[in-house]
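Asks: A single structure is presented below for examination.
The values are calculated or read from the model by the stated rules, or taken from the named source; none is laboratory data. The shown structure was predicted, so the numbers you read here are calculated from the model rather than taken from an experiment. As a convention, Cβ positions derive from the backbone with ideal geometry for all residues, glycine included, and neighbour counts pool all protein chains shown. Only protein heavy atoms, including side chains, enter the accessible area calculation; ligands, DNA and RNA are left aside. Shrake-Rupley method; radii C 1.70, N 1.55, O 1.52, S 1.80 Å.
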Amino acid sequence: MGKRTAKCKFKFPAVGTHCYNVSMTIAKVRTVSGLRARVKTWRQAGLSVGLVPTMGALHAGHLSLVAGVLKKTGRAVVSIFVNPAQFGGGEDFENYPRNEAEDCKMLEAAGAHLVYLPSAAEMYPEGPGATVRVAGLSEVLCGKFRPGHFEGVATVVTKLLLQCLPDAAIFGEKDFQQLRVIQKLAADLDIPVEILGGATVREADGLAMSSRNAYLTAAQRSTAAALPKTIKTLLNKAQAGEDLRTLEKEGRAGLLLNGFEAVDYLEFREAGDLSLSRKAGKETRLFAAAWIGKTRLIDNMKVE
Ligand code: PAF
């Protein structure tokens, strides 16, 4: 394989690429070859390998994914890469929170074995090139409002899976559409990795944990709790047999009344193919994306 030294064509903010010299024992690698070498030694020792792809700014939700994958595999690799290809123009790529030192401490405490920290030039040595697109699943919900987003996600996740070749990889159900896109790409491209979903971890008031919650002011943070509350109330009404399209309208109006500035979508859809649900069944989930100020929050829950 050629030397990976080409300059990347994406534009990136100046983020640290150096190693932090704090008392830390978790192993860190920054290259594909370094990752593969480490995984090879584990495989030779008969150990199975799990991968937790992240963009850093870690919280308890990410740590639960580490715990989740370690139930299945002997070793856990966590990748931290803020992927420029999945951010649209005007989105928060530049401002996305980055805190490598803190993330590494948290991962060490959580029992992860290796942090993979590729640079953008390592990940995309030639800049944008071959991409992976999952038709259908990528076009609804967030896909309608963030054109190209899931192509960016599918491409980087395919690369991460092929770079690490883990036995299993885990993704949070907070991004349920992303999870389905990744399950489909792994199945359709015959990538021999088990794709696992990890339950959403929530704050005491029900707000789903997200790295983007850090953008919220105190007042916005209290408004944000209306999102999971609305979803729960609507799911209960759906289960009681109320009309789903009427509930969606009621939910959108309720969120706006409660301080959200805009609602991208609030829709009952089926977990498998993300088609619109006609009536609430055991595969039905309610998906929502709504804005508070400049922050876009997403959440989803299933019918209990
Ligand atoms: O969910 C995320 O943090 C990202 O979309 C992922 C899966 C790490 C790909 O960049």
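Asks: What does the charge add up to near Lys72, with Lys and Arg as +1, Asp and Glu as -1, over the other residues with Cβ less than 14 Å from its Cβ?
Replies: Computed value for this residue: 0.
Asks: So what does log10 I(q)/I(0) come out to for the range 239-304 at q = 0.23 Å⁻¹, using the Debye formula with one equal point on every Cα and no solvent?
Replies: -0.96
Asks: Using a 1.4 Å probe over the heavy atoms of the protein chains, calculate the carbon and sulfur portion of the accessible area of the range 186-304 as a whole percent.
Replies: 53 percent
Asks: Assuming 1.306 mPa s and 10 °C, estimate D for the range 55-178 with Stokes-Einstein, Rh taken as the Kirkwood radius over Cα pairs, in µm²/s.
Replies: Value of D from the Cα-based Kirkwood radius: 102 µm²/s.
Asks: For Ser275, put the label point 7 Å out on the Cα→Cβ axis and report which residues of the range 144-175 keep their amide N under 20 Å from it.
Replies: Output list for this probe position: 144.
Asks: Go ahead and estimate [θ] at 222 nm for the chain from helices alone: -39,500 (n - 2.57) per DSSP H run with n ≥ 4, summed, over the residue count, rounded to 500.
Replies: -10500 deg cm²/dmol, from helical runs alone.
Asks: Give me the tail of P(r) for the range 78-147 as a percent: Cα-Cα pairs with distance above 19 Å.
Replies: When all Cα pairs of the range 78-147 are counted, 53 percent exceed 19 Å.
Asks: Give me the orientation-averaged projected area of the Cα convex hull of the chain, in nm², one decimal.
Replies: Over every viewing direction, the Cα hull of the chain projects on average to 16.2 nm².
Asks: Per residue, how large is the accessible surface of the range 70-135? Use a 1.4 angstrom probe and give square angstrom.
Replies: 43 Å²
Asks: Another one. How about Lys282: which aspartates and glutamates have a C-alpha closer than 12 Å to its C-alpha, ignoring those fewer than 8 places off in the same chain?
Replies: Partners within reach: Glu270, Glu304.
Asks: Return the subset of Lys105/Lys159; Lys71/Lys249; Lys71/Lys144 for which the Cα-Cα distance in this structure is over 31 Å, preserving the input order.
Replies: Correct reply: Lys71/Lys249; Lys71/Lys144.
Asks: Let's test this: bin the Cα-Cα distances of the range 207-271 at 10 Å from zero up to the farthest pair and state each bin's percent.
Replies: P(r) over the range 207-271, rounded to whole percents: 19, 50, 25, 5.
Asks: List the pair-distance distribution P(r) of the range 163-293, using every Cα-Cα distance, as the percent of pairs falling in each 10 Å bin from 0 up to the bin containing the longest distance, rounded to whole percents.
Replies: Result, from short to long distances: 11, 37, 33, 16, 3 percent.
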